[in-house]
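The next block holds one structure in the form of structure tokens; read it before the comments.
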Amino acid sequence: MNRIRIVSFGEAEASVLYYLGSVLYDHTGMECGVEDLHLDLSGAYLQNRHQHHSSRLLQSLKALDPPGGDWLLGLTEADLCIPILTFVFGEALLDGRAAVVSLHRLQSSFYGLEADADLLLRRAEKEALHELGHAAGLIHCRDYSCAMAFSNAVEQVDLKEPAFCDACREQLLTKWPRAPGKR
Amino acid sequence: MTYKPWMLIVDDEMVVRDSLQAWFRDAGYQADVASSGKEALERMSRQEYDVYLLDIKMAGMDGLELQTRIRKIKQDAAIIIMTAYASVDTAVQALKQGAFDYIVKPFDPDDLEHVVRNAVEKQALQRENVAMKTTLKEIDHFPDIVGESSAIRKVLELIKVVAPTDATVLIRGESGTGKELVAKAIHLASPRRYMPLVTVNCGALPESLLESELFGHERGAFTGAQYRRKGKFEMADGGTIFLDEVGDVSLKTQTDLLRVLEEKQICRVGGSRMMPVDFRVVAATHKDLQGLVGSGEFREDLFYRLNVFQISLPPLRERPEDIPLLIQSFIEKASRQMGKVVTGVSPEAMALLKRRPWPGNIRELQNAVERAVVLAQSEELTAEDLAFGDEAGAPRAQNGDAALSLADVEKIHIERVLQQSAWNISLSARVLGIDRATLYNKIKRYGLTQSKV
């Protein structure tokens, strides 16, 4: 049985890593393991933007060359971007079993609000599901409440559910027998 | 199969081409790239594109020239010019020459999505050369609202009547009667159903955060605001805003709400621009708003603005004939979600369920059924699975419990539920009536571990 290996780039909030480790099993039916592996971020740093290049982090993940069909999910506290976009919440290799998620803009404190540990976990769960959905071959969904809806602001992340619409779920079921449908 | 629009990205920087192409693929478009104007024109001979993204500064043929060449081949092409800050003037020139829009590098994801979606929609309209078709079918089925009693049939009728209009709806009913489900049904049966339904739990809004929550804020609006934030009204643009527990808001908040409902315009905190927003309002309350108006606790003008069309939800005790149907529906839903085979209820358990007064209404009934499905050992729910606080088999107060703090009791209860569900976080959270994230943080706070149990 394939599994999801969860790693961090630099230090990432441990509670988020372990939370995802526990709920992603419920969502995917794949065993999830948090690995004590803090990958180096420095090679992805973009000096002029004070951000990290998410595609380079994905390359580092792929370089781990997971055996068989294992999946990789990288989490980071760093602010991510791709050169053409001012920021991204995460990035995945489409149908490539690897994804990276940034917690930076998922934290309420980034928006000048009080830290909210529960909200951070909920947002991280939705973004991890979203990026893993891409890594399973799904594209963005028009249903604003589906985990595969495109979010360009954190409020849109909050509108989504940590679950997939019927159409996206249908596509996922061959890979994740327990893919969650919306309530 | 849904049509996937074709994009052509023309830029001499490889990193731009690659990242945009990946972004478009994730977003469900088909995208080709070209590194020069010449290559772009060659590609056009093999593939018809819906939208063109052209970098303005390229060696050889620049974006402006390429735009002119593309227009000669395809007069109605939707062209988006990509530019750096330094060349915004040239982008304006491109607009004058008929570009659809321009976008400044690096793109804000929000801007990119809007510009591209608008361009695609424009193309789709041109291609079909027809007015936007209204495909709204009459919806007369609301699967989430279960029941056959005359009281619930009347509610369904009212939803059907009001949903297609844009009228403001006030839903009244005790806690747990399904006010949010009715709001959702109204939204889903309205022409706004493809846009968001945004819920604002008015009772839970702390006064201090209210403005930012409702209207959003601009970057730098206050210390720590590093990035702009959209408010609930802005998020509901084009859709429906559901003001839940509207009777709980303070008089100051009522004034703010009234203003935005009347003007349909918002201004983000720290911003100077008034933004028009298009939303439909559905509000709900468990309180007697008219009574609150009489006692001066609720603004009369706001009450009349909300009370355009009223739907009153009956408490569960007034429609006991719906209880078996509701139970069956909750069993089906819960067993499907939990992957368990539970198909019905034993006669004793049904009698027990029908006898209860359900002060917490449908929500309480649903929680009881879900909890029973978690505990069920057979295909039928039994009386033992229904661990009511006052029934046999229920967790009873232990001697000495009175000396425990609320936190101790919570810890013990969470531990017990986790044990019963074999530490399945999702199931336990559902039984406890909290979300997974909250449960997880409580497990961490109380230091609960699987081995300890």
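A few comments on the model shown:
- Counting only DSSP beta bridges with both residues in the stretch A:66-183, the antiparallel share comes to about 40 percent.
- Solvent-accessible area buried by B and A, counting both chains, probe 1.4 angstrom, square angstrom: 4000
- Here's how it looks for B:Ala78: its modeled amide H is under 5 Å from those of B:Tyr52, which are all 5 or more places away or on a different chain.
- Whole-number accessible area per residue in Å² for the stretch B:198-287, which is evaluated in the context of all protein chains at 1.4 Å: 41
- Taking the DSSP beta bridges with both ends in the protein assembly as shown, the antiparallel portion is around 15 percent.
- For the stretch B:136-314, the residue among B:Ile241, B:Ala185, B:Pro276 whose Cα projects farthest onto the positive side of the dipole built from Cβ charges is B:Pro276.
- 20 °C / 1.002 mPa s Stokes-Einstein diffusion coefficient of chain A, Kirkwood radius on C-alpha pairs, µm²/s: 133
- Members of B:Lys4/B:Lys184; B:Lys105/B:Lys230; B:Lys179/B:Lys264; B:Lys252/B:Lys411; B:Lys4/B:Lys38 lying beyond 27 Å, as alpha-carbon distances in this model show: B:Lys4/B:Lys184; B:Lys252/B:Lys411
- Where GluC sites (Glu not before Pro) in DSSP loops with at most 12 other Cβ within 10 Å are excluded, longest remaining stretch of chain A: A:12-113
- At least 30 Å² of accessible area lost relative to the chain alone, listed for the stretch B:325-366 with a 1.4 Å probe: B:Gln337
- Ordered by solvent-accessible area of protein heavy atoms (1.4 Å probe), largest first, the residues B:Ile241, B:Ile412 come out as B:Ile412, B:Ile241.
- Within the stretch B:136-314, antiparallel bridges make up roughly 20 percent of the DSSP beta bridges whose residues both belong there.
- Proximity of backbone amide H atoms, modeled 1.01 Å from N, is registered between A:Arg3 and A:Asp70, A:Trp71 at under 5 Å, excluding neighbours fewer than 5 places apart on the same chain.
- FRET efficiency, B:Ala167 to B:Arg219 (Cβ-Cβ, R0 35 Å, nearest 0.05): 0.40
- Whole-Hz couplings from phi, Karplus 6.51/-1.76/1.60, listed for the stretch A:54-61; x for Gly and Pro: 5, 5, 5, 5, 4, 4, 4, 5
- For chain A, relative contact order (Cα pairs under 8 Å, six or more residues apart, normalised by length) works out to 19 percent.
- Heavy-atom surface analysis with a 1.4 Å probe gives the stretch A:1-149 a carbon and sulfur content of 49 percent of its accessible area.
- Calculated FRET value between A:Asp116 and B:Asp108, using beta carbons and R₀ = 25 Å, to 0.05: 0.55
- Point-to-point label distance, B:Glu263-B:Arg71, nm (Cα→Cβ direction, 7 Å offset): 4.0
- Shown in residue order for the stretch B:345-354 are the 3J(HN,Hα) couplings computed by the Karplus curve 6.51 cos²θ - 1.76 cosθ + 1.60 at θ = phi - 60°: 10, 5, x, 5, 5, 4, 4, 4, 5, 6 Hz (x for Gly and Pro).
- Cα gyration tensor shape of chain B, rounded if a/c is under 1.5, else prolate or oblate by comparing a/b with b/c: prolate
- In this structure the stretch A:3-139 gives 34 Å² per residue of accessible area when probed at 1.4 Å with all protein chains present.
- Taking all protein chains into account, the per residue accessible area for the stretch B:6-114 stands at 44 Å² (1.4 Å probe).
- Listed by chain and number, the aspartates and glutamates placed with their C-alpha closer than 13 angstrom to that of B:Lys122 are B:Asp50, B:Asp76, B:Asp101; residues fewer than eight positions away on the same chain are left out.
- Atom-type composition of the exposed protein surface of chain B places 50 percent of the accessible area on carbon and sulfur (1.4 angstrom probe).
- Under 5 Å between amide hydrogens, built in the peptide plane, is the criterion, and for B:Thr240 it picks out B:Leu197, B:Val198, B:Arg280 among residues at least 5 positions away or on other chains.
- Counts of other chain beta carbons within 10 angstrom of each beta carbon in peptide B:27-35 average 1.
- Centroid-to-centroid separation of the stretch B:210-240 and the stretch B:310-332 [C-alpha atoms, Å]: 38
- Residues of the stretch B:102-126 buried by at least 30 Å² on assembly (accessible area, 1.4 Å probe, chain alone as reference): B:Pro106, B:Phe107, B:Pro109, B:Glu113
- The residues A:Asp40, B:Asp111, B:Asp322, sorted by heavy-atom accessible surface at 1.4 Å with ligands and nucleic acids left out, run A:Asp40, B:Asp111, B:Asp322 from largest to smallest.
- Shielding of A:156-162 by partner chains, average beta-carbon count, 10 Å: 3
- Note on the protein assembly as shown: dipole from Cβ charges, positive end direction compared against B:Pro359, B:Leu427, A:Asn2; the farthest Cα belongs to A:Asn2.
- Partner chain coverage, peptide B:436-445 - average Cβ within 10 angstrom: 6
- Burial of 10 Å² or greater, the stretch A:73-89 residues [accessible area, probe 1.4 Å, versus chain by itself]: A:Ile82, A:Pro83, A:Ile84, A:Leu85, A:Thr86, A:Phe87
- Each residue of the stretch B:248-265 was assigned a 3J(HN,Hα) from its phi angle through the Karplus curve 6.51 cos²θ - 1.76 cosθ + 1.60 (θ = phi - 60°); the sequence is 8, 7, 6, 4, 5, 5, 4, 5, 4, 5, 4, 4, 6, 5, 7, 8, 6, 9 Hz, with glycine and proline shown as x.
- A run of chain B free of exposed loop cleavage sites, with trypsin sites (Lys or Arg not before Pro) counted only in DSSP states other than H, G, I, E and B and at most 10 other beta carbons within 10 Å, reaches its longest extent at B:138-272.
- Calculated FRET value between B:Lys154 and B:Arg416, using beta carbons and R₀ = 45 Å, to 0.05: 0.60
The values are calculated or read from the model by the stated rules, or taken from the named source; none is laboratory data. Being a predicted model, the structure only gives us computed values, none of them experimental. All Cβ positions, glycine included, derive from the backbone under ideal geometry; neighbour counts span all protein chains shown. Just the protein is used for accessible areas: all its heavy atoms, side chains included, with ligands, DNA and RNA removed. Shrake-Rupley method; radii C 1.70, N 1.55, O 1.52, S 1.80 Å.
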